[in-house]
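**Student:** Starting off with a structure, shown below.
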Amino acid sequence: MAGLEVLYTSVASSITSPEDAVVCFIHWEIVKSGYKCLGTGDEPLNGEKKSELLPASWNTNKEMYTLRYRSNDDKSNLLLKAITVDDSSLIFNLLDSASDKITDLTITVSDYVNEANLQSFESLYKNTGDLAKRLNSSLLPAVKDQGGVMNKRRERFTDTEPNPDHDPLSVPTGHPSASCPPDWTEPVNPFAAGRADLDPLSGSAEGMIVDPLHAGFPCPGLDPSSGTPGNLPPGSVHPRARFDPILPFGRHRAGPDPDHLPRPGYNDTM
């Protein structure tokens, strides 16, 4: 692992625990991912400079290590915390400021460090391949995905996603065309209205919406959007609305007059 030995040698005199060795390993993995260390603690200090090395007093607090990092392009900051648990495990938490994403990882220290060989780099680490794999799959995605965070935010609205400015309840502007075909069909049986509601398995299409203009006799379809003579102007009804026409049409309509069915003895000259 190129570079890790040089880093470890630079801090070997201050490493006094296997937890120190694990934190050193993870620090180098973060540096390899395009970040440099700024310092320790939660808050930045004046005069901090980015460095691949671990800062002074990085392992003073053995119960909780706190390190801050900044990307090489200065667009992202990381906050790494490592908490010692029962002198056998370390819990790592990593916060990426660019995406507000937090990742975590818990490891058993003895699985990856030989405590008896703290001053010998050649025999210090073990199972480094497994540790690196766990770091990259559980803890470091917050680092490795940082470059694509803004692109993903810009591409939230793709061709397959709905337009956020579209209002599904809005009424289309303009006048609907009178040629738009209505949903009405000619009833097979004028007395079968409502049959589909009473017997859903009948296969009948006759529901409770009755078309009083058809009454079982062939006639051209009626487009409700074209209006009704003497009552509604064109465009008053949506072209696909479920609409019973307002009858009778017009004031000078054809059809039976009230006097066509006179009461018995009406107009009796006798």
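Coordinate-derived values only; no laboratory data. As the structure is a prediction and not an experimental result, all values here were calculated from the model. Here Cβ is always computed from backbone atoms with ideal geometry, including for glycine, and neighbour counts include all displayed protein chains.
**Student:** If the chain between Thr108 and Lys133 were fully stretched, how many nm would it gain, using 0.36 nm times the residue separation less the Cα-Cα distance?
**Tutor:** Details: separation 25, 0.36 × 25 = 9.00 nm, distance 1.48 nm.
Stretched out fully, the Thr108 to Lys133 stretch lengthens by 7.5 nm.
**Student:** What fraction, in whole percent, of alpha-carbon pairs in region 1-148 exceed 21 Å separation?
**Tutor:** Tail of the P(r) past 21 Å holds 39 percent of the pairs.
**Student:** Another question about this same structure. Where a ≥ b ≥ c are the square roots of the eigenvalues of the C-alpha gyration tensor, would you call region 66-105 rounded, which needs a/c under 1.5, or, failing that, prolate if a/b is larger than b/c, or oblate? Provide the component values of the computation, followed by the final result.
**Tutor:** Numbers: a/c = 4.44, a/b = 2.37, b/c = 1.87.
It is prolate, given that a/c is not under 1.5 and a/b is the larger ratio.
**Student:** Which entries of Lys36/Lys81; Lys50/Lys126; Lys49/Lys75; Lys62/Lys101; Lys32/Lys75; Lys36/Lys133 show an alpha-carbon separation above 19 angstrom in the structure shown?
**Tutor:** Check vs 19 Å cut-off fails for Lys50/Lys126; Lys62/Lys101; Lys36/Lys133.
**Student:** For region 79-123, what Kirkwood radius comes out of the mean inverse Cα-Cα distance, in Å?
**Tutor:** Kirkwood hydrodynamic radius for region 79-123: 12.2 Å.
**Student:** Next up: If packing is taken as the average count of other Cβ atoms within 10 Å, what order do 6-17, 25-36, 71-82 fall into, highest mean first?
**Tutor:** 25-36, 71-82, 6-17
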